[in-house]
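Here's the structure, in structure tokens; my notes come after.
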Amino acid sequence: MDTSITTHQATEDQRNETIKIYVNGQIVPRNQAVVSVYDSGFMLGDGVWEGLRLYNGVWAFLDDHMDRLFEAAKAIDLDLGMDRAGVIAALEATRLENDMTTDVHARLMVTRGVKVKPFQHPSLSQSGPTIVIICEHSKPSIPRPIRLATVPHVRGLPMTQDPKLNSHSKLNCILACIAAEKAGADEALMLDINGFVNTTNACNFFIVKKGVVWTSTGDYCMNGITRQQVIDLCRTNGIECHERNYSLVDAYSADEAFLTGTFGAQTPVSEIDGRAIGQAELGPVTLRIRTLYAALIASETA
């Protein structure tokens with residue numbers, strides 16, 4: 001029986017066993033990269049993060065990622081303790097220490113830091129932020145299109161936990177993922193508070209109907225950098241693209257569907273809730289967008 005896969009599935013690489021990791025200004029072997037049990041990220045999920053891809057020695061869309069990181073930090077009133085140049089220098093130092101040039105994924109995490117007592121109030125984090133950068137050799141290896149299942153978990157309102165934030169608090173998405181796997185799918189399709197199709201637990205979501213690309217309004221989904229690049233590529237290359245409300249009825253009858261994310265770029269979707277989407281394979285519009293995106297990456301990282 002075909003087992004579930006993930007949208008972050010990568011080729012096994014033994015080099016990752018000996019990587020060095022950035023922890024608060026020091027770059028240490030993987031088995032020495034630790035944070036305190038009093039850290040606010042471990043204790044409360046109090047922090048923000050970024051995922052970046054390295055191509056030919058260049059971090060793709062680095063300015064966009066830095067914009068999003070600093071906007072998120074400001075939103076949760078977190079002082080990173082360094083400016084953009086400092087964060088980029090730390091990222092580059094980690095890359096160079098690991099002698100990495102391409103097919104690399106970085107997870108850059110910032111928490112409010114170590115607390116003096118194991119309680120919620122932010123003022124208990126008094127020693128400054130915790131910053132960790134993990135760079136791994138990571139080449140996507142997704143053997144087939146993704147199967148989605150709609151779940152009851154929704155992307156919420158901004159005044160609860162704004163879905164645009166890349167926050168460490170991911171329990172809602174984790175529960176959605178678990179529900180999808182128990183339904184026999186690979187990933188969860190999440191609706192917004194009005195019942196319109198929104199995003200998955202880990203990626204942004206697009207459909208194609210009669211050659212036209214649709215995605216959600218963006219009001220309740222992740223502030224995806226790859227999502228925006230795809231929208232921009234469509235609009236500059238004659239592919240009609242709309243950010244709009246649409247329902248599961250529209251999604252089920254789509255000719256193609258795909259996911260977007262920093263790791264997998266554009267990943268095709270074969271079925272939703274047991275219903276085949278189009279030919280249940282990579283479709284021609286998705287393939288064209290993939291080709292345009294690959295050319296954009298090549299240009300950005302030349």
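Derivation of every value follows stated rules applied to the coordinates shown; laboratory data play no part. These figures come from a predicted structure and were not determined experimentally. Cβ sites come from the backbone with ideal geometry, for glycine too, and all protein chains shown count toward neighbours.
What are the residues whose amide H is under 5 Å from the amide H of residue 47, where those residues sit 5 or more places off or on another chain and H is modelled from the backbone?
168, 169
Quick one: Cα convex hull volume of region 148-289, Å³ per residue?
For region 148-289, the hull spanned by Cα atoms encloses 97 Å³ per residue.
Name every cysteine in the chain that ends up alone, with no second cysteine's Cβ under 4.7 Å, or say none.
Flagged as lacking a Cys partner: 135, 173, 177, 203, 221.
Any chance you could give the angle, 0 to 90 degrees and rounded to 10, that helix 225-236 forms with the longest Cα principal axis of the chain?
So the inclination is approximately 40 degrees.
Could you work out Rg/(2.2 N^0.38 Å) for region 106-209, with Rg from alpha carbons only?
1.34
Among (1) 19.5, 58; (2) 22.4, 70; (3) 23.4, 94, only one was calculated for this model; which label is it, if the read-out is Rg and Dmax of the Cα atoms in Å?
Calculated Rg and Dmax of the Cα atoms in Å: the matching label is (1).
For the residue pair residue 34 and residue 89, what label-to-label distance in nm results when each label sits 7 Å from Cα along the Cα-to-beta-carbon direction?
Each label point lies 7 Å from its Cα, and together they span 2.9 nm.
Taking the alpha-carbon distance from residue 139 and a cut-off under 23 Å, which lysines remain once sequence neighbours fewer than 8 residues away in the same chain are dropped?
20
Using each residue's phi in region 120-125, evaluate 6.51 cos²θ - 1.76 cosθ + 1.60 at θ = phi - 60° and report the 3J(HN,Hα) Karplus result to the nearest Hz, with x for Gly and Pro.
Coupling constants for region 120-125: 6, 4, x, 5, 7, 8 Hz.
Got a sec? Charge dipole of the chain, +1 on Cβ for Lys and Arg, -1 for Asp and Glu; which of 226, 248, 10 is way out at the positive end?
248
Tell me which of 36, 272, 62 sits at the most positive position along the dipole axis of the chain, charges placed on C-beta atoms (Lys, Arg +1; Asp, Glu -1).
With unit charges placed on the Cβ atoms, the residue in question is 36.
Quote the charge dipole size of the chain about the Cα centre in Debye, to the nearest 20; the model charges only the Cβ of Lys and Arg (+1) and of Asp and Glu (-1).
Result for the chain is approximately 240 debye, rounded to the nearest 20.
Mind checking which aspartates and glutamates have their Cα closer than 13 Å to the Cα of residue 115? Skip sequence neighbours fewer than 8 apart in that chain.
Output for residue 115: 39, 46.
With axes computed from alpha carbons, what is the tilt in degrees of helix 84-97 against the longest principal axis of the chain, rounded to the nearest 10 within 0 to 90?
Rounded to the nearest ten degrees, it is 90.
Can you put 13, 63 in order of Cβ neighbours within 10 angstrom, beginning with the fewest? Mind showing how you got there, number by number?
Details: 13 13, 63 10.
Taking fewest neighbouring Cβ atoms as first place, the list is 63, 13.
What's the angle, to the nearest 10 degrees (0 to 90), between helix 284-300's Cα axis and the longest principal axis of the chain?
30
Using helices alone, I'd like the mean residue ellipticity at 222 nm for the chain: each DSSP H run of four-plus residues gives -39500 (n - 2.57), total over residue count, nearest 500.
The helix-only estimate for the chain comes to -8000 deg cm²/dmol at 222 nm.
Among 107, 227, what is the fewest-to-most ranking by other Cβ atoms within 10 Å? Could the numbers behind the result be given before it?
Details: 107 15, 227 23.
Ranking 107, 227 by Cβ neighbours within 10 Å, fewest first, gives 107, 227.
Running a GNM on the chain with Cα contacts under 10 Å, which residue among 46, 192, 99 ends up with the highest mean-square fluctuation?
Highest fluctuation of the listed residues: 99.
Which of 18, 150 comes first, and how do the rest follow, when ranked by fewest Cβ neighbours within 10 Å? Mind showing how you got there, number by number?
Working: 18 10, 150 20.
In order of increasing Cβ crowding within 10 Å: 18, 150.
Looking only at region 146-300, where both bridge partners belong to it, what percent of the DSSP beta bridges are antiparallel (to the nearest 5)? Could you put the intermediate results ahead of the total?
Values: 19 of 29 bridges.
Close to 65 percent.
I want to verify a result. In a Gaussian network model of the chain, Cα cutoff 10 Å, which of these has the top mean-square fluctuation: 217, 111, 160?
Among 217, 111, 160, the largest mean-square fluctuation in the Gaussian network model of the chain belongs to 160.
To check my understanding: the extent here is largest minus smallest coordinate of the Cα atoms along each principal axis. What are those three numbers for region 150-225, in Å, largest first?
37, 31, 24
Treating the beta-carbon of each Lys and Arg as +1 and of each Asp and Glu as -1, no other charges, what is the dipole magnitude of region 146-300 about its Cα centre, to the nearest 20 debye?
Charge dipole of region 146-300: 60 debye, to the nearest 20.
Over the chain, what is the relative contact order in whole percent, taking alpha-carbon pairs under 8 Å and six or more residues apart?
19
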